[in-house]
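The structure appears below as structure tokens.
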Amino acid sequence: MLKLQNSLFLLSLLCFCFVFIIDASVHEYNGEKFVSKGNAFVVHGGSEGIYSSFPDPHNVTATGGDSYIRFEKITFRRPKEFANFSSRSIQAIVFEVEDRETIGGSAYGGQRAVCCTADLAKLGVCSEGEVILRPSTENPSWPKVFGISFDGDDEVATLPSKSIQITKSGMYNLYFIHCDLNLKDLIVEGKTVWKNPTGYLPGRMAPLMNFCGFMSLAFVILGIFWFLQYARFWREVLPLQNCITLVITLGMLEMTLWYFDYAEFNESGIRPVGITMWAVTFSTIKRTISRIIILMVSMGYGVVRPTLGGLTSKVIMLGATFFLASEVLELVENVGAVSDLSGKARLFLVLPVAILDAFFILWIFTSLSATLNKLQARRMVVKLDVYRKFTNALAVAVFVSVGWICYELYFKSNDVYNEQWQNAWIIPAFWQVLSFSLLCVICVLWAPSQNSLRYAYSEEANEDFHKDDTTLTLIKPSPTPSKEFRSAAEARPVQGSNGASNGDLEEDKTE
């Protein structure tokens, strides 16, 4: 029962941290106010995955990069009107997530408390008014606790500068806690520096820097293949292929900007706002244009219809709405203090993007169904084959996406305390790999070649495709067969009887 209560209490603390966490390895505190949590007053100072300085935690003489949490000029301030007494201790507590149950306790299975109550003090397990702490079973020197108090009429109390060396890889949390009801409107200022052996990049984000480097290389390889084909057959290039060229270029810029964003973050410990904003913007533009292009292809633009007609304004409106919703979400998640929102506010930003994505998918497959039916009715075999492959690729991508979303929900529901932080980077990386794979499939299907014009719109063969595609009704075959149909018919042996010819004609009409 006590273990369950410990878990519930630490869960509330870690949920509370999402309100005040700053996404940088240099955590700055600019007048953060203590907030009541249970019978304690708390400020969350940071939460990061940190790798050990040493390969062997029992051999502290091993060589390796420094890994530490350093306190710099941590200052507590109280208003002058409340500076007329000596206070109880204000404590900075650093603990690894596996030691979360060493903080707090309860008497006789009662309500969980962070600060020692009178009942607990009677049991002799703690001093009344102090934070309840027990040493870790694995490492008795943890959690690390530093305290300071106000003397007399002091308005400021400064915590001595300290540095904690990390000898075990884990998810580390920092909280500033006090139990003094008289310390009203207390604030904390200063900063802490969190460093991994390879730099300041947080442990959960460190693998993403190398991943973005590899993705940049992958886009370069794809770009070389595409641009060589583009240069060879530039006279046969279709408008759709120009759009694909734009997406590849945006992908290169996006991955390069993300790489430099992480590299600068790793070097300085402070996330560069300018580079991050550009990376977010290019990423959002690429995602928006990619969805619009897939929708246009599904409608048959440039292949079976010259324009989108009356649907153009609707497509632009959907794309613009998706861009705005995605841009706001990405900026909030990646620029500066990205976790300054509560769960409800995050949900408010995520829901519009999810709904717009679902609308894109519904419209894409509805349009594909109409386009496939029309191609089949007009016997456009070559274009039909390409569109069937495109449909299969999209169906596989959607199926894999749904499966990954389920896995992501399972992963997060079973990792409440971020104990799997070393594998968390795989979640965002997968979406990049999936979108890149789909782009590769599209590049193969519509690569520039000497036969590119076979997939282009033809006025003679597609006279009915400019009409609105809001229904799935089939188009009656034209009395004059298309070029593709004539070429196929010439290749067949001549029928021996008029009955057979009339039967074929009746079959076409029924279709």
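Before moving on, here are some points about what is shown:
- Residue satisfying all of: in region 332-365; open to solvent by less than 60 Å² (accessible area, probe 1.4 Å), part of a helix (DSSP H, G or I) and at pLDDT below 65; farthest from I285 (Cα to Cα) among these: G343
- Count - residues of region 84-116 that are modelled with pLDDT of 80 or more, open to solvent by less than 50 Å² (accessible area, probe 1.4 Å) and part of a loop (DSSP other than H, G, I, E, B): 6
- Within region 170-194, tally of residues that are in contact with a Ser or Thr (Cβ under 6 Å, 6 or more places away or on another chain) and either modelled with pLDDT under 90 or open to solvent by less than 40 Å² (accessible area, probe 1.4 Å) (or both): 5
- Test: residue in region 148-160 that is at pLDDT below 90, open to solvent by less than 70 Å² (accessible area, probe 1.4 Å) and either in contact with a helix residue (DSSP H, G or I) (Cβ under 8 Å, 6 or more places away or on another chain) or assigned to a helix (DSSP H, G or I) (or both): no
- Check on S36, surrounded by fewer than 13 Cβ atoms within 10 Å (Cβ to Cβ) and at pLDDT 85 or above: yes
The values are calculated or read from the model by the stated rules, or taken from the named source; none is laboratory data. The model shown is predicted, which means the values in this text are computed figures rather than measured ones. Using ideal geometry, Cβ is built from the backbone for each residue, glycine included, and neighbour counts are taken over all protein chains shown. All accessible areas refer to the heavy atoms of the entire protein, side chains included, with ligands and DNA or RNA removed. Shrake-Rupley method; radii C 1.70, N 1.55, O 1.52, S 1.80 Å.
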